[in-house]
Amino acid sequence: MTESKVKSITYDDLLCSHLKYGTTSEDIIIRAGYEKILENAVMAPCWSHDIFDNLGFEIKQVSEKVFNLYGEKLSFSYIELNGIGAPAIIDFILSLGVTKCKNLIFLGSVGSLDENIKIGDIVIPKYSICGDGASRYLNKSLEDEFLKEEYPTETITSNLINILKQNNINYHYVPNFSIDAIFAQFYHVDKILELGAKTIEMETANLFKCCDIMGINVTALFCVSDNTVSKKSLYSGRTDEENKHRHEVRYKIVPKIVTDLFKK
């Protein structure tokens with residue numbers, strides 16, 4: 001693990017800085033549209049809540065980005081951000097600290113950097129290496145976070161892995177790299193591989209650090225969308241069959257995993 005002497009700010013530091021300039025916790029909740037967030041929540045940069053349409057939930061839209069799902073013996077909020085990258089979503093992550101949210105699972109797509117991690121496979125990040133700039137703002141003097149490892153919460157991640165095992169769902173538990181730029185990443189793939197990363201996406205290093213600051217239990221569940229080292233990138237090389245398979249995993253397998261996690 002990369003050692004660091006960087007001092008993170010606390011969530012109280014953040015709230016006090018808002019209050020200094022006239023903003024209360026209630027103002028933050030209202031701006032984010034998080035008034036009715038439940039204890040358990042799902043956050044997704046792009047995936048729609050409609051992946052749960054066939055599981056019998058009562059779905060209520062409670063704000064622009066938030067849908068509450070109510071089922072037998074469980075309920076959770078689905079935060080549909082419609083944006084990608086740490087700079088785009090950090091404000092919505094940090095706003096969760098003034099809500100009822102205690103447990104968060106992040107859903108999204110991930111690129112593979114390993115020929116054995118195929119399109120449509122399930123990935124759980126062991127940790128995410130910071131390749132974003134937004135995480136600087138979580139440190140007291142804007143210290144650099146680059147290449148620092150950030151970890152999901154152990155207990156909820158262990159519960160998630162146990163569910164995958166119990167349902168005989170194949171998965172990969174690997175180091176991940178969180179980037180800021182898709183187009184420019186290809187030039188740096190060799191360096192990212194040297195760091196030990198097996199997958200690449202855009203949010204979770206920042207997400208894990210934010211949730212640690214807020215005291216929210218967090219984990220992430222990815223579906224592989226592309227494989228750079230197999231020359232099946234977001235730009236070229238993927239077959240219709242591979243795209244169909246990952247679509248089926250997103251709609252048929254992922255929702256059941258999330259439901260089982262929150263039941264547990």
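The values are calculated or read from the model by the stated rules, or taken from the named source; none is laboratory data. The shown structure was predicted, so the numbers you read here are calculated from the model rather than taken from an experiment. Here Cβ is always computed from backbone atoms with ideal geometry, including for glycine, and neighbour counts include all displayed protein chains.
Suppose we keep only residues that are among the small types (Gly, Ala, Ser) and farther than 14 Å from residue 8 by Cα within region 122-159. Which one would you say is surrounded by the fewest Cβ atoms within 10 Å (Cβ to Cβ)? Outline the logic, then answer.
Kept after step one, since they are among the small types (Gly, Ala, Ser), are these residues of region 122-159: 128, 131, 133-135, 141, 158.
From what is left, the residues that are farther than 14 Å from residue 8 by Cα are 128, 131, 133, 158.
On the way: 128: 28, 131: 27, 133: 15, 158: 12.
Here the residue is 158.
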For region 1-49: of the residues being in contact (Cβ under 8 Å) with a residue 40 or more places away in the chain and among the polar types (S, T, N, Q), which is surrounded by the most Cβ atoms within 10 Å (Cβ to Cβ)? 40
If the Cβ limit is 7 Å and pairs must be 6+ apart or interchain, which residue in region 233-253 that is farther than 17 Å from residue 199 by Cα pairs with which residue that is hydrophobic (A, V, I, L, M, F, W, C) and part of a helix (DSSP H, G or I)? 250/51; 251/51
Quick check: anything in region 175-183 among the small types (Gly, Ala, Ser), surrounded by fewer than 17 Cβ atoms within 10 Å (Cβ to Cβ), modelled with pLDDT under 95 and out of contact with any His (no Cβ under 6 Å at 6 or more places or on another chain)? yes
Out of (1) hydroxyl-bearing (Ser, Thr, Tyr); (2) more than 13 Å from residue 206 (Cα to Cα); (3) within 18 Å of the chain's Cα centre (by Cα), the odd one out for residue 141 is which? (3)
With the structure loaded, tell me whether residue 148 is of a type outside the set (S, T, N, Q) and in contact with a helix residue (DSSP H, G or I) (Cβ under 8 Å, 6 or more places away or on another chain) or whether it fails that test. yes
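Going residue by residue through region 65-77, is there one that turns out to be charged (D, E, K, R) and not in a loop (DSSP other than H, G, I, E, B)?
Scanning region 65-77, I find no residue that is charged (D, E, K, R) and not in a loop (DSSP other than H, G, I, E, B), so the answer is no.
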Residue identified as touching a strand residue (DSSP E or B) at 6+ places or on another chain (Cβ under 8 Å), more than 29 Å from residue 201 (Cα to Cα) and either of a type outside the set (Asp, Glu) or loosely packed, with under 12 Cβ neighbours inside 10 Å (or both) among 67, 57, 76, 52: 57
Taking region 226-256 as the search range and keeping residues that are in contact with a Leu (Cβ under 9 Å, 6 or more places away or on another chain) and among the basic types (Lys, Arg), which one is farthest from residue 200 (Cα to Cα)? 256
Somewhere in region 211-227, is a residue in contact (Cβ under 8 Å) with a residue 12 or more places away in the chain, touching an Asp or Glu at 6+ places or on another chain (Cβ under 6 Å), of a type in the set (D, E, K, R) and surrounded by fewer than 21 Cβ atoms within 10 Å (Cβ to Cβ)? no
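Quick one: how many residues across region 236-264 are part of a helix (DSSP H, G or I) and either more than 11 Å from residue 225 (Cα to Cα) or of a type in the set (D, E, K, R) (or both)?
Matching residues across region 236-264 total 20.
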